[in-house]
1. Would you be able to say whether some residue in the range 334-346 is crowded, with 16+ Cβ neighbours inside 10 Å, modelled with pLDDT of 95 or more and of a type in the set (Asp, Glu)?
2. Please give the number of the condition Lys2 fails out of (1) among the charged types (D, E, K, R); (2) assigned to a helix (DSSP H, G or I); (3) outside the structural domain of Lys135 (by TED's automatic domain parsing).
3. Is it fair to say Ala82 is among the small types (Gly, Ala, Ser), within 27 Å of Ser321 (Cα to Cα) and assigned to a helix (DSSP H, G or I)?
4. Could you tell me whether Leu106 is out of contact with any strand residue (DSSP E or B) (no Cβ under 7 Å at 6 or more places or on another chain), in the same structural domain as Lys29 (by TED's automatic domain parsing) and either among the charged types (D, E, K, R) or at pLDDT 95 or above (or both)?
5. Given (1) more than 28 Å from Met324 (Cα to Cα); (2) in a helix (DSSP H, G or I); (3) not charged (D, E, K, R), identify the lone condition not met by Pro16.
6. In the set Leu420, Leu395, Leu430, Leu400, which member is modelled with pLDDT of 95 or more and either more than 28 Å from the chain's Cα centre (by Cα) or surrounded by fewer than 18 Cβ atoms within 10 Å (Cβ to Cβ) (or both)?
7. Here is a list: Pro295, Pro285. Which entry is more than 28 Å from Phe186 (Cα to Cα), touching a strand residue (DSSP E or B) at 6+ places or on another chain (Cβ under 6 Å) and in a strand (DSSP E or B)?
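The values are calculated or read from the model by the stated rules, or taken from the named source; none is laboratory data. Since this is a predicted model, take the numbers as computed values, not measurements. Every residue, glycine among them, receives a Cβ derived from its backbone with ideal geometry; neighbour counts consider all protein chains shown.
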Amino acid sequence: MKLTAFKSYDVRGVYPTDINEELAAAAAKAFVFHMRAGKIVIGRDGRTSSPSIHAAVVEAIMELGVDVFDIGLCPSPLFNYAVATKGFPGGIMITASHSPPEYNALKMNKEGIQICSPGELDDVKKLVIDPSPIKPLGQGRGRKVILDVLKDYVKEVVEHFEKVKGLRVVVDFANGMGAITARPVFEKLGLDFVFLNEEVNFVNPDHLANPLEEKNLVQIRKAVVEEKADCGIFFDGDADRVIFIDEKGRPIYPDILTAIIAPHELQGRADKRVYYDLRFSKAVPDVIREHRGDPVMLRVGNPFYKEKLKNAGGVFAAELSGHMMFQDHYAIDDGLYASLKILKVIVSESKKLSVLADAVNKYHASPELNFHVKDADATMKKVRSSFKGGKVLELDGLTLDFGDWWFNIRKSMTDPVVRLRIEADTAETLAAMRKKIEGIIEE
């Protein structure tokens, strides 16, 4: 049994070579035993391999004498909502999120937080390698119980956002899971919406469900302008991430969305902490401080944000990839809930999204750029040695801040790839520094 599917945050790979029913069953059994759980929640996405992996996972857990509460086909936020609100110690979501159709994965949730490596995911891996310590956790065979939480979820979300009215919105689900929760919520709120790629279809999607690849945004950007919509919303495959398109057809990324909603989220809060990605624009801490908030920078990886928000407190947290988590929503990274937060600001401010974005977006930034290299460590050292001075931060990879511009470069934890983001006070400085650093990397 290959173990290459054990990654930093989940068990993920190409089906059936990297991940298959055998590995999924072994990992599920190891995880549940590691937790000493008496009951567990299971959900899955719409990939062609998900039903058989789901069946193998359910069977393996029931063999331990543990009850399985099965949500069935669902987006990840609905699964996480079940864990958070129904008294479960954790669960397993079968989804490869935005990855191409041939992939699948197990996301393992313990007490509302996805386990990762280094950490408890390594303990699970050890039990897969040597399962001899695993013993039954209950007497006899566990039960399988069908669990329906959609109605409760929709009711709670609609009540929270009942004042979100009067907007025309284009939504692209990228043939992923998002419409399962979004359609009933949008209908009950009475929003004027146009849905794109609503049908769950991981075999032949219109485009991949990764919001950070600009080629996937072509359809929604065009539709927003043609439909004369107030904005567009793009969900990733399992609907836990989101980005926006303004009424002009421009992508508005999570750092600027964070700056837009921060003043509203900080109102009336005694705990003023907002957790943000070290790759975020300087506009984010600027705005948070301006509204008497406490900006707290974190490394990349959504489990770290969720853990801080859930266990240490704070108002909300956001990551550049599109994960946004709110204290008033169980610290769940829920693309739909985050979208409604942004729509609520548009309504309350009575301003176009472009106006709100331009008011806070004072700097010039690149997207996160990916470079395939032969030796990521050597590339990192070469970039570091090419710059003198600057404030050094090594929270995640290398960040160098020169006052009027900064960059972060970090290596992928799974591939020979380095990732780069640059921001500057002027477009000219951004272009010059981007050209310089790209030249160093590509030498």
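1. Keep residues of the range 334-346 that are crowded, with 16+ Cβ neighbours inside 10 Å, which gives 334-346.
Checking which are modelled with pLDDT of 95 or more leaves us with 334-346.
Add one more test, that the residue is of a type in the set (Asp, Glu), and what stays is 334.
The answer is yes; a qualifying residue exists.
2. With (1) among the charged types (D, E, K, R); (2) assigned to a helix (DSSP H, G or I); (3) outside the structural domain of Lys135 (by TED's automatic domain parsing) applied to Lys2, the lone miss is (2).
3. Values: among the small types (Gly, Ala, Ser): yes; within 27 Å of Ser321 (Cα to Cα): yes; assigned to a helix (DSSP H, G or I): yes.
Answer is yes for this residue.
4. no
5. Of the numbered conditions (1) more than 28 Å from Met324 (Cα to Cα); (2) in a helix (DSSP H, G or I); (3) not charged (D, E, K, R), the odd one out for Pro16 is (2).
6. Working: Leu420 fails: either more than 28 Å from the chain's Cα centre (by Cα) or surrounded by fewer than 18 Cβ atoms within 10 Å (Cβ to Cβ) (or both); Leu430 fails: either more than 28 Å from the chain's Cα centre (by Cα) or surrounded by fewer than 18 Cβ atoms within 10 Å (Cβ to Cβ) (or both); Leu400 fails: either more than 28 Å from the chain's Cα centre (by Cα) or surrounded by fewer than 18 Cβ atoms within 10 Å (Cβ to Cβ) (or both).
Within the list Leu420, Leu395, Leu430, Leu400, the selection yields Leu395.
7. Details: Pro285 fails: in a strand (DSSP E or B).
Selected residue: Pro295, the only one of Pro295, Pro285 that is more than 28 Å from Phe186 (Cα to Cα), touching a strand residue (DSSP E or B) at 6+ places or on another chain (Cβ under 6 Å) and in a strand (DSSP E or B).
Each row is one residue, and each column tells you yes or no for (1) touching a helix residue (DSSP H, G or I) at 6+ places or on another chain (Cβ under 6 Å); (2) not charged (D, E, K, R).
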site	(1), (2)
Gly46	no, yes
Ser52	yes, yes
Glu63	no, no
Asp67	no, no
Asp70	no, no
Lys107	no, no
